[in-house]
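The block underneath contains the structure these notes are about, expressed in structure tokens.
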Amino acid sequence: MLKDITLGQYFPIESPVHSMDPRIKIIITLVFIIAIFFIKSLWGFVAVALYVIFAVKLSRVSFKLVLKGIRPILFLIIFTALINLFMTNGEIVNIGGVPLKAGFLKITKEGFYSATVMSLRLVFLVMGTSILTLTTSPILLTDGVEKLLSPFSKIGLPAHELAMMMTIALRFIPTLLEETDKIMKAQMARGADFESGNIINRAKALIPILVPLFISSFRRADELAVAMECRCYRGGKGRTRLNELKIGTRDWIACLSMLTFMAVIVLINMYL
Amino acid sequence: MPIEVKNLNHIYSKGSPFEKTALSDISFKINDGEFVGLIGHTGSGKSTLIQHLNGLLKPDGGSVIVDGLDISDKTVNMREIRSKVGIVFQYPEYQLFEETVYKDIAYGPKNLGLDEKEIDARVRHVAEVVGLDEKYFEKSPFELSGGQKRRVAIAGVLAMNPKMLILDEPAAGLDPVGRDEILNRIKLLHETEGLTVVLVSHSMEDIARLAERIMVMCDGELKMFDTVENIFSRSAELSSMGLNVPQACLVMQGLKKNGIAVDDKIYTVEKACKEILRYLGEVGKC
């Protein structure tokens, strides 16, 4: 039952986007997000849509999967759209001479416009970040974050430690899920019931799962610390890596495409 | 209380790219009071199979009938099935959670809704069965040694008063004395209370010593289900499945191959010892 939960979203196939340097992908995604918030006209979103379609095609990930990321925030999108639609001041829309206004709720041209822009923004925001997480394995993602944050270690930001914590956390999510599944089954075999009863009873039924889970997590953490120390782990200072991240031609081309995209957005903002 | 499995299929992550057939077309019947050994290499589907026997997993095809009740039937009370078929998972001590040993053992019967008196009687009884002294009752289970913890965990399952007990590697990770102790207790329980037992183990010696019939699983299929003698006489087939026969068996088969007229249908050290002595006596060397 718990096995059905997919961890992260990484979709392991081979594509030009998958093999890009994670740092470049993170930067491009950041720039993309900023660009989305600069767009003023609907024409800008046409450019964004084209760019996203291009990226998805290149990544060989199915559109369905990219769109799936929208589902969890669908409520947020609809909520934002409705607020914008009904609460924006401006020219009230008339249908057949009847103004669409009831109390403090009203539909205005400006409201309609900003609702559309806001929802498009959110949709593309999720799609853009989905492409990043779908094409980059969690480990590469943390590697990328570590590298990008490393200049800040001069001002005391523990970049390596943060990345190591993220890596370990990610590494242990499947293990913990498996463990939870095992403990749940063991307690169910002893007649535990997690599905019926009121909220208090259900919360109480979780104790037999959580206690063993915490205990084994602490045990694992302890064992891992010892194992790391046995292999002379001393933190990030002077540590080399097995697979160095390399920025290649492909990454420069991607940067170029991003710059072109930015230029198009700026031009659209200026002239359309 | 017989268990009957008919054409059982199970597929993990059905419909996703990670789809994997774990069990395919498994049929067998376990009778009342039997002691069945279940062997198979890692990933052969043993754990998946045993989880079907008390309804923790539901079949994707075929049926599992426990004491006349079909586990896929939605009207069947799962607690009833789980109180009939107890499963002791691998490393069961990791499921302990209560403040005291007593409370932990009482968790199962409490879930069954029994009254205090009955629970108390059961806890005391199973503690005795697994050889756990009453002085441990008020201790935290986390203070105990590995072997004691395992006893508490097994007692917790036995307290459900199952008619059939399934044990997944109950002796794994214990010292030799601890493992013999636990296995002998299980054997005793089988003999005195007529408990049906299914023992999953990688130790062919233990299986040979304890089981009456053996199931052999390989790649999600039930390859053999036969008496201990018949199974271990097929050592070539077993080794092609990444399994082995008991060492005593290998010795006897080796002797026979080299022209020494001993019975090679022997699988325990004691019997092998007797047989070799008999042979030596026969040829006048002893």
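The values are calculated or read from the model by the stated rules, or taken from the named source; none is laboratory data. Source: prediction; values computed, not measured. For neighbour counting, all protein chains shown are included, and Cβ atoms are generated from backbone atoms with ideal geometry for every residue, glycine included.
Within segment B:130-149, the residues that satisfy the criterion of being within 23 Å of the chain's Cα centre (by Cα) and within 13 Å of another protein chain (Cβ to nearest Cβ) are B:GLY146, B:LYS149. Pairs linking a residue in segment A:63-92 that is touching a residue at least 60 places away in the same chain (Cβ under 8 Å) to a residue that is in a helix (DSSP H, G or I), with Cβ atoms under 6 Å and 6 or more positions apart or on different chains, are A:VAL66/A:VAL56; A:VAL66/A:MET127; A:VAL66/A:SER130; A:GLY69/A:VAL126; A:GLY69/A:SER130. So, in segment A:15-51, exactly how many residues are hydrophobic (A, V, I, L, M, F, W, C) and over 27 Å from A:LEU149 (Cβ atoms)? Residues meeting the conditions: 9. Listed by first and then second residue, the pairs with beta-carbon distance under 7 Å, at least 6 apart or on different chains, first residue in segment B:93-109 and closer than 20 Å to A:SER216 by Cα, second assigned to a helix (DSSP H, G or I) and among the aromatic types (Phe, Trp, Tyr), are B:GLU98/B:TYR107; B:VAL101/B:TYR136.
Annotation: A:GLU195 fulfils all but one of (1) within 12 Å of chain B (Cβ to nearest Cβ); (2) surrounded by 13 or more Cβ atoms within 10 Å (Cβ to Cβ); the unmet one is (2).
Hey, any hits in segment A:50-65 for a residue that's among the charged types (D, E, K, R), exposed (fewer than 14 other Cβ atoms within 10 Å of the Cβ) and farther than 24 Å from A:SER130 by Cβ? No - not one qualifying residue is present in segment A:50-65. The number of residues in segment A:177-190 that are out of contact with any helix residue (DSSP H, G or I) (no Cβ under 7 Å at 6 or more places or on another chain) and more than 7 Å from chain B (Cβ to nearest Cβ) comes to 1. The residues in segment A:159-173 that are more than 19 Å from A:GLU244 (Cα to Cα) and in contact (Cβ under 8 Å) with a residue 60 or more places away in the chain can be counted, and the count is 2.
Of B:ALA159, B:ALA121, B:ALA153, B:ALA127, all but one fail to be assigned by TED's automatic domain parsing to the domain that holds B:LEU69, small (Gly, Ala, Ser) and farther than 24 Å from B:VAL198 by Cβ; the exception is B:ALA121.
The lone criterion from (1) touching a residue at least 12 places away in the same chain (Cβ under 8 Å); (2) of a type in the set (S, T, N, Q); (3) not in a helix (DSSP H, G or I) left unmet by A:SER114 is number (3).
Every listed requirement among (1) within 25 Å of B:ASN244 (Cα to Cα); (2) within 14 Å of another protein chain (Cβ to nearest Cβ); (3) assigned to a loop (DSSP other than H, G, I, E, B) is met by B:ASN161 save one, (1).
Scanning segment B:64-96 for residues that are among the β-branched types (Val, Ile, Thr) and at the interface with chain A (Cβ under 8 Å from one of its Cβ atoms) turns up just one, B:ILE87. In segment B:40-63, the residue that is farthest from the other protein chains (Cβ to nearest Cβ) out of those that are in contact with an Asp or Glu (Cβ under 7 Å, 6 or more places away or on another chain) and more than 16 Å from A:ALA186 (Cβ to Cβ) is B:SER63. Of all residues in segment A:248-271, those that are outside any helix (DSSP H, G or I) have Cβ atoms under 8 Å from Cβ atoms of residues that are among the charged types (D, E, K, R), 6 or more apart or on another chain, in A:GLY248/A:ASP21.
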